[in-house]
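A short write-up of the structure that comes next.
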């Protein structure tokens, strides 16, 4: 949308997210740009993102409804909700969650460790 804020996203992902974010288009663009930069930095450090088929396996086994991941663009539509920390990409924050552990910062991993100790799902 702006020369200094370039990124690429598949049309299906864009349409899915755009519908979820309704009238917050500029906020969505800003979030995508920030998360794209973070993803690129992680991948430069040899931390690769899991494929959808890999994410689907624990989702099916644990009947997970939510995905905690680093990038809004990689949130698969087969989860009812997705987010990272306080930022909800789509859906609600309830139910069993698949966490992409390597995508989290050390402080986020600590927070999740505490939450998992209290969680029943």
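If R0 is 25 Å, what FRET efficiency do you get for residue 60 and residue 115 from their C-beta distance, rounded to 0.05? Working shown, then result.
Values: r = 22 Å, r/R0 = 0.89.
Plugging the Cβ-Cβ distance into 1/(1 + (r/R0)^6) gives 0.65.
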Item to check | Mean Cβ count within 10 Å, highest first, over the residues of peptides 13-21, 28-36, 106-114 | outcome: 28-36, 13-21, 106-114
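Throughout, read-outs are computed from the coordinates displayed, never taken from laboratory work. These numbers come from a predicted model, not from an experiment. Ideal geometry is used to build each Cβ from the backbone, glycine not excepted, and the neighbour counts take in all protein chains shown.
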